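Presented below is the structure to which this report refers.
The values are calculated or read from the model by the stated rules, or taken from the named source; none is laboratory data. Please read all numbers here as calculations on a predicted model, not as lab measurements. Neighbour counts are summed over all protein chains in view; Cβ atoms, including those assigned to glycine, are modelled from backbone coordinates with ideal geometry.
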Amino acid sequence: MQAEPISRGLRKAAPRPDLYEVSHLSDPWEAMTAELKPPMSHQDAFLEAYRCLLCGGPLTPAPCMLACPAKVDVPSFIGAISVGQPVEAAEIIFDANPLGGTCARVCPTEELCEGSCVLNSTHQRPVDIGRLQRYAIDQAFKEGDLMVPKRPQPNGSRVAVVGAGPAGIAGAFELAKRGYKVTLFDSKPSTGGLVRSAIAPYRQLRDPLDQETARLWELGVEFRLGTTIDKKLRKELESSYDAILLAIGMGDDATTGCEGNELEGVFSSLPFIERIKATDLPNVKNKVAVIGAGNTAMDVAREAVRLGAKEVTVLYRRSAEEMPAFPVEYEEAIEEGVHFAWLTNPVSYEGNGSVRAVRCSKMELGEPDSSGRRRPVPVAGSEFLLEVDTVIEAIGQLPRKDFLADISGVELESGLIKAKTETGETGNPLYFAAGDALNGGATVVEAVKLGKAAAAGIDAKLSELRKVK
């Protein structure tokens, strides 16, 4: 069944055929990497910047700036582009967001800065803020300018940052700017976390993560990548550092637990995306079922289209009104031909060696559960078979409870770290936290915001301790 646009205040995505018509691309890798937010030419950037009203001021910030979790001064950087100063624009962006180039590509700008642009109220399209941000940073990097602030005098305090994803990178950068000796740990051999390994390649393949990481290096951050924090090493960190920032993200994919999930052709969403990013394209056949309706589900559904699937259907056990995906992600999935089956839940995966069908049950909504959404309840006698040859489960990630289980004073709630979002403080005075391990998984720019907040919280606490000494 083809989805109809739903009514919960959604706007139809502006027609952009260049972004949606991927079926004409014969090379699957070319289709996978055809960017949603391609780079701008100098002329296009100048003309787009000229559309900005440069609204807001010292007493009343512009709506786009208020909508940005990282608080990038959007009018100022666009103003710099409009007078031919993209490097100055990039400096303004990076002053607020150490992952400004990455966020320019992956941010849901339609929901944030562009969604708040005053031009929307005049029935004009909003300023293309995301692509202008990308233009500014791309130009600066092309000129070889990493825009690294001058190294401050060391303040004598050491901070360990565990996790080199967006929250860890942001926290490490902010701390290094303040004179802290920062060591950044991650079990993987590269920085970036899920941005590098599991964000759809049509949003971001790799660049500019390496340049953004180089800025940390130039600022004096020490890297210990490919390092797993076991109990012994954690004890060493506790005795050697003045604070530890936990930016560990989330763990493995959650699973439906459906019988038959071991069949060939059944994938979990993150390994599915990781294979694509590693150019090891999964063998997607004709009919694909995607389980779940969050932003990751929209990504894997659209990736399946790009891989050549003839029919992609998203199965969601609630109605369209309850789906967690951003409205624009849903609308763009429709544009690319993805189908939706609401109030439909998988019961089992069936086949002989390879998946051949999903046994589904129709659902109805009962009383609200702890999430505030109405609980889905199976409809008796409603089971049916949906023929498929690929299933991708995309129902979220599990918290990393094992890693956190025995850290004294660090409390968990539903597997997530309990901490003050304004400062990152946990119940253990040595430990601070930021990113997905706090909120269960949100946007990259939200992780940046939390990383910056935790860095400020660490700085406030350690500054006071240094005064006492």
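Of note:
- Just one of the listed residues (Leu47, Leu54, Leu66) is touching a residue at least 24 places away in the same chain (Cβ under 8 Å), in a helix (DSSP H, G or I) and either over 26 Å from the mean Cα position of the chain (by Cα) or within 26 Å of Gly165 (Cα to Cα) (or both), namely Leu66.
- Going through (1) crowded, with 18+ Cβ neighbours inside 10 Å; (2) in a helix (DSSP H, G or I); (3) more than 18 Å from the chain's Cα centre (by Cα); (4) not small (Gly, Ala, Ser) one by one, Lys232 falls short only on (1).
- Segment 234-255 residues that are outside the structural domain of Gly192 (by TED's automatic domain parsing), paired with ones that are surrounded by fewer than 24 Cβ atoms within 10 Å (Cβ to Cβ) and β-branched (Val, Ile, Thr) (beta carbon under 6 Å, 6 or more apart): Ala254/Ile395
- Criterion: β-branched (Val, Ile, Thr), over 21 Å from the mean Cα position of the chain (by Cα) and more than 22 Å from Pro201 (Cβ to Cβ) - qualifying residue of Val379, Val391: Val379
- Some residue of segment 364-371 being in contact (Cβ under 8 Å) with a residue 24 or more places away in the chain and either closer than 29 Å to Ile273 by Cβ or surrounded by fewer than 16 Cβ atoms within 10 Å (Cβ to Cβ) (or both): no
- Flag if Ala380 is of a type in the set (A, V, I, L, M) and surrounded by fewer than 16 Cβ atoms within 10 Å (Cβ to Cβ): yes
- 3 or more residues surrounded by fewer than 20 Cβ atoms within 10 Å (Cβ to Cβ), outside the structural domain of Glu236 (by TED's automatic domain parsing) and modelled with pLDDT of 95 or more: qualifying strands (runs of 3 or more DSSP E) within segment 383-469: 384-387
- Scanning segment 123-153 for residues that are in the same structural domain as Cys64 (by TED's automatic domain parsing) and farther than 18 Å from Gln85 by Cβ yields His123, Gln124, Arg125, Pro126, Asp128, Gly130.
- Residue list for segment 109-123, filter: farther than 13 Å from Ala70 by Cβ and not hydrophobic (A, V, I, L, M, F, W, C): Glu110, Glu111, Glu114, Gly115, Ser116, Asn120, Ser121, Thr122, His123
- Verdict on Val195 being in contact (Cβ under 8 Å) with a residue 24 or more places away in the chain, among the aliphatic types (A, V, I, L, M) and more than 27 Å from Ser268 (Cα to Cα): no
- Contact map, segment 317-334: first residue of a type in the set (Val, Ile, Thr), second residue surrounded by fewer than 19 Cβ atoms within 10 Å (Cβ to Cβ) and at pLDDT below 95, Cβ cut-off under 6 Å, separation 6 or more or different chains; pairs are Ile334/Ala3.
- Elements of type strands (runs of 3 or more DSSP E) contained in segment 267-353, each with 2 or more residues being crowded, with 24+ Cβ neighbours inside 10 Å: 287-291, 311-315, 344-350
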